[in-house]
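Participant: Take a look at this one; I'll ask things after.
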Amino acid sequence: MSAVQPTLQQQVQSLYSEHHGWLYGWLRKKLSCPHSAADVAQDTFVRIIASRDALFGMREPRAYLSTTAKRLLVDRARRQLLERTYLAELALVMDGVDGAPSPDEILMAVQALEQIAAALAGIAAKAREAFLLHYLDEQPQAAVAAQLGVSTRMVQKYLVQALLACRQASFDIPA
């Protein structure tokens with residue numbers, strides 16, 4: 001590298017010192033927020049520095065800076081839109097959820113599951129399997145029948161048997 005050609009560091013320093021104030025002012029008018037303008041101005045220079053080739057042969061620095069800043073503004077607007085959309089969807093989902101269950105609700109759920117497990121332990125293996133496949137795995141009765149090697153009618157009988165056993169095991173459900 002010859003002594004006449006400026007180094008990369010000198011080019012960056014020159015570009016920054018000569019044009020940062022102008023770019024910041026231009027962005028401040030566009031964004032109406034000094035903090036956002038400072039962020040985008042900084043990001044603009046970082047992007048240009050990262051692409052090193054841009055510094056060599058740059059004839060219109062302000063045009064290059066403003067084009068880079070505009071692209072960053074578009075990227076920023078897209079991110080903000082995505083973030084707002086995500087937060088709106090999250091708020092909708094959270095509105096539909098009552099929140100975390102209370103300790104009493106958790107205890108009642110665990111007790112109910114223990115009663116169901118005890119009831120299922122007392123029935124035939126195929127009836128238990130049919131119950132689990134149909135209600136937990138959400139398989140249709142025909143698929144359960146095919147998997148167990150029985151008729152659909154037999155699966156229906158197994159399900160009735162399992163439900164009756166669950167009802168009998170539950171102290172809270174009136175007969």
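The values are calculated or read from the model by the stated rules, or taken from the named source; none is laboratory data. Keep in mind the model is a prediction, meaning the values are calculated, not measured. Virtual Cβ from ideal backbone geometry, glycine too; neighbours counted across all protein chains shown. Side chains included, ligands, DNA and RNA excluded: accessible areas come from the protein's heavy atoms. Shrake-Rupley method; radii C 1.70, N 1.55, O 1.52, S 1.80 Å.
Participant: Any residue in the stretch 159-175 that is over 22 Å from residue 144 (Cβ atoms) sitting within a Cβ distance under 8 Å of a residue that is among the charged types (D, E, K, R) and modelled with pLDDT of 55 or more? List the pairs, counting only those 6 or more apart or interchain.
Facilitator: Here the result reads 173/167; 175/167, each pair linking the stretch 159-175 to a residue that is among the charged types (D, E, K, R) and modelled with pLDDT of 55 or more.
Participant: So which residues in the stretch 119-158 are crowded, with 17+ Cβ neighbours inside 10 Å, in a loop (DSSP other than H, G, I, E, B) and touching a residue at least 12 places away in the same chain (Cβ under 8 Å), if there are any at all?
Facilitator: Residue satisfying the conditions is 123 alone.
Participant: Would you check which residues across the stretch 124-175 are small (Gly, Ala, Ser) and closer than 18 Å to residue 112 by Cβ and list them?
Facilitator: 162, 165, 169, 170, 175
Participant: Something else about it: Filter the stretch 51-107 for residues that are surrounded by 10 or more Cβ atoms within 10 Å (Cβ to Cβ) and of a type in the set (Asp, Glu) and give the result.
Facilitator: If the condition is that a residue be surrounded by 10 or more Cβ atoms within 10 Å (Cβ to Cβ) and of a type in the set (Asp, Glu), then 75, 83, 89, 105 are the ones that fit.
Participant: Among the candidates 78, 28, single out the residue that is in contact with a helix residue (DSSP H, G or I) (Cβ under 7 Å, 6 or more places away or on another chain) and without any contact (Cβ under 8 Å) to a residue 24 or more places away in the chain.
Facilitator: Step by step, each of 78, 28 is checked, and only 28 is in contact with a helix residue (DSSP H, G or I) (Cβ under 7 Å, 6 or more places away or on another chain) and without any contact (Cβ under 8 Å) to a residue 24 or more places away in the chain.
Participant: Are any residues in the stretch 19-45 open to solvent by less than 50 Å² (accessible area, probe 1.4 Å) and in contact with a Leu (Cβ under 7 Å, 6 or more places away or on another chain), and if so, which ones?
Facilitator: Across the stretch 19-45, the qualifying residues are 19, 23, 37, 40, 41, 44.
Participant: Follow-up. Suppose we filter 15, 92 for residues that are under 36 Å from the mean Cα position of the chain (by Cα) and in a helix (DSSP H, G or I); which single one remains?
Facilitator: Going through 15, 92 in turn, the sole match is 92.
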